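J.: The structure follows.
The values are calculated or read from the model by the stated rules, or taken from the named source; none is laboratory data. What you see is a predicted model; the values in this text were computed from it and never measured. Heads up, the Cβs are rebuilt from the backbone with ideal geometry, glycines too, and the neighbour counts pull from every protein chain shown.
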Amino acid sequence: MWVTVRLVAIAFAIAIGAGTLVAALRVAPNPWLQRIGGLYVETFRNIPLLVLLFISFAGLRRAGVPVDAWVAGTASLGVYTSAYVAEVLRSGVFSVSRGQIEAALSLGFTYPEAMRRIVLPQAFRTVISPLGSLIIAMIKNSAIIGVSLLALPDLLKTARVIQSRTFATDEAFFWAAVGYLLLTGTVTLLIRALESKYAIKR
Amino acid sequence: MSYLFDPGNWEWLVTGNNARFIIEGFLVNLEIALIAIAFSLAFGLLLALARLSTFKPLSVLAGAWIDVFRNLPLIFLILYLFLGLPAPWRDAYEDAVPGFFPEALQSGRVLAALLGLVLYNSAVLAEIMRAGILSLDRGQAEAAAALGMTYRQSLRLVVLPQGLRRMVPATVSQLITLNKDTTLVSIIAIQEIVRHGRILTSFNFFGGVQAPVLQVFIFIGALFIVVNLLLSRLSRRLEIRERTRTAGAPKVRVAGVEDQVAA
């Protein structure tokens, strides 16, 4: 279970970093930057994670790049999710009305300053809940890493190993299910708490 | 980079039947996706209605069912059903499959794959449908009731047509996810695109060329991108058509608006 948690935590850090960068590209004033961002999102959103794992692990290894299973696993999951993160952040930025940024610019803020101090703090509130669903999706997607050829000993892989040794299929998978539901349940509760903390009080 | 674009590393694509072999595998994925989509939509609607039922125990039960299957990894469900389904079930499936189905779908393992896909996706779709129906103004159902419609009539004629229309974007993006997730059935050795890719790269196949892993899987990824982009284009078309139809007069397309809807 801790392998699963660690996988998700590292991949989430990658996804947030890359996703923010791509979202910034997509809302940038330059149309070429927007196009590059769009290409990135459409590519990684439409490719199956399993195929991405094959490319980043077996593919690079055969090409002579010695990648570690951990690096390939977290990078794949992170890059895959970053496309979704970019979309969430972008719609968050769009949810802040244009007048806000125009007001900031006319007050003498530079564009990056206006983004950082005016738009992003407001956008943060609207993206909490979709980001939470992405974390839950990552927990579920991390199960693919273990049973694919990367064979990291995460929750599902461990259950599979126990099953193949003892043939206690129902017991092994029942406890794995409990593990996954605990993880996703905890995240759901945390997100709900965050949401109500940052909700606009009326 | 030079490795990636070296023509020698792309030679496998035009050698023998390699490209055809991959695309045949892809067709199996699409067939699995189609069957799973049909069942998931139907079963998801039933779940959503059960969840919204005024009969408390049914609604609570449906809610628990949805929450459990929505929060378990799909690959977990597929693997468990593959290992845990009783053998007679599989035999029953093998007997029941229509003969015109392709060979890859004749195996009893496909039952585990389909069941897993439907259990997971119907739960997710049920939640989307529920949100679509709940987003309707309460007055709509009340007005229908006031006009003397029965519950069924108001559902069929008033609530569902409007609610379902609102959930088209969310549903299509879930169906794209389902399409990608069909690659997961390769874990239980169903002969689809990922399996075919691995066969090409693992030993000398057609014509004695061992295909490089990187290029084969980039090609597979590109196939998925093409099909999924077509799917999302289609859904945008649908949305815009619906909007112009329901608004009566043709509306000017506002740049960027549909992108936000799709997000």
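J.: Of B:A42, B:A87, which residue is at pLDDT 85 or above and of a type in the set (G, A, S)?
T.: Answer to the check: B:A42.
J.: Looking at the range A:103-148 only, could you name the residues that are polar (S, T, N, Q) and within 14 Å of chain B (Cβ to nearest Cβ)?
T.: Going through the range A:103-148, the residues polar (S, T, N, Q) turn out to be A:106, A:110, A:122, A:126, A:129, A:133, A:141-142, A:148.
The answer is A:T126, A:S129, A:S133, A:N141, A:S142, A:S148.
Okay, residues lined up against (1) surrounded by fewer than 13 Cβ atoms within 10 Å (Cβ to Cβ); (2) modelled with pLDDT of 85 or more:
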residue	(1), (2)
A:I101	no, no
A:M115	no, no
A:S133	no, yes
A:I144	no, yes
A:W175	no, yes
A:R192	no, yes
A:A199	yes, no
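J.: Report, by residue number, each residue of the range B:83-104 that is more than 21 Å from the chain's Cα centre (by Cα) and outside any helix (DSSP H, G or I).
T.: Within the range B:83-104, B:L85, B:P86, B:P98, B:G99, B:F100 qualify.
J.: For the range A:52-67, state whether one or more residues are basic (K, R), more than 10 Å from chain B (Cβ to nearest Cβ) and assigned to a helix (DSSP H, G or I).
T.: No, that holds for no residue.
J.: Give the residue, chosen from A:S95, A:S106, that is over 28 Å from B:L117 (Cα atoms), hydroxyl-bearing (S, T, Y), surrounded by 13 or more Cβ atoms within 10 Å (Cβ to Cβ) and without any contact (Cβ under 8 Å) to a residue 40 or more places away in the chain.
T.: Criteria check complete, one pass: A:S95.
J.: Would you mind stating whether B:L34 is more than 24 Å from B:R156 (Cβ to Cβ), within 14 Å of chain A (Cβ to nearest Cβ) and under 21 Å from the mean Cα position of the chain (by Cα)? Can you show your working first?
T.: Details: more than 24 Å from B:R156 (Cβ to Cβ): yes; within 14 Å of chain A (Cβ to nearest Cβ): no; under 21 Å from the mean Cα position of the chain (by Cα): yes.
Against the criterion (more than 24 Å from B:R156 (Cβ to Cβ), within 14 Å of chain A (Cβ to nearest Cβ) and under 21 Å from the mean Cα position of the chain (by Cα)), B:L34 does not qualify.
J.: A further question on this structure: Suppose we filter B:Y80, B:Y3 for residues that are touching a helix residue (DSSP H, G or I) at 6+ places or on another chain (Cβ under 6 Å) and either at pLDDT 90 or above or assigned to a helix (DSSP H, G or I) (or both); which single one remains?
T.: After ruling out the rest, the residue left standing is B:Y80.
J.: I'd like to check which helices (runs of 4 or more DSSP H) are fully inside the range B:119-183 and have at least 1 residues that are within 12 Å of the chain's Cα centre (by Cα).
T.: Because the criterion is at least 1 residues that are within 12 Å of the chain's Cα centre (by Cα), the helices (runs of 4 or more DSSP H) in the range B:119-183 that meet it are B:168-181.
J.: Oh, and also: Considering the range B:111-128 alone, what residues qualify as being at pLDDT below 90 and buried (at least 24 other Cβ atoms within 10 Å of the Cβ)?
T.: The answer is B:A112, B:A113.
J.: To continue, here is another question. Look at the range A:120-170 and say how many of its residues are more than 22 Å from A:L182 (Cβ to Cβ) and in contact with a Gly (Cβ under 7 Å, 6 or more places away or on another chain).
T.: Of the residues in that region, 4 qualify.
J.: Quick check: is even one residue across the range A:39-48 crowded, with 19+ Cβ neighbours inside 10 Å, under 27 Å from A:S148 (Cβ atoms) and without any contact (Cβ under 8 Å) to a residue 12 or more places away in the chain?
T.: Within the range A:39-48 (the criterion being crowded, with 19+ Cβ neighbours inside 10 Å, under 27 Å from A:S148 (Cβ atoms) and without any contact (Cβ under 8 Å) to a residue 12 or more places away in the chain), the answer is yes, since at least one residue qualifies.
J.: What residue, of B:S107, B:S53, is in contact with an Asp or Glu (Cβ under 9 Å, 6 or more places away or on another chain), of a type in the set (G, A, S) and in a loop (DSSP other than H, G, I, E, B)?
T.: None of the other options fit; the residue is B:S107.
J.: Let me ask something else. Only one of (1) surrounded by 15 or more Cβ atoms within 10 Å (Cβ to Cβ); (2) over 27 Å from A:L152 (Cα atoms); (3) of a type outside the set (D, E, K, R) fails for A:N30. Which number is that?
T.: So A:N30 meets the others, but not (1).
J.: Out of the range A:68-102, which residues are away from every other protein chain (no Cβ under 12 Å), in contact with a Leu (Cβ under 7 Å, 6 or more places away or on another chain) and of a type in the set (S, T, N, Q)?
T.: Those that are away from every other protein chain (no Cβ under 12 Å), in contact with a Leu (Cβ under 7 Å, 6 or more places away or on another chain) and of a type in the set (S, T, N, Q): A:T74, A:T81.
J.: So which pairs qualify, if the first residue must be in the range A:168-179 and within 13 Å of B:P73 (Cα to Cα) and more than 9 Å from chain B (Cβ to nearest Cβ), the second must be β-branched (V, I, T) and surrounded by 13 or more Cβ atoms within 10 Å (Cβ to Cβ), the Cβ gap must be under 8 Å, and the two must be at least 6 apart or on different chains?
T.: A:G179/A:T4
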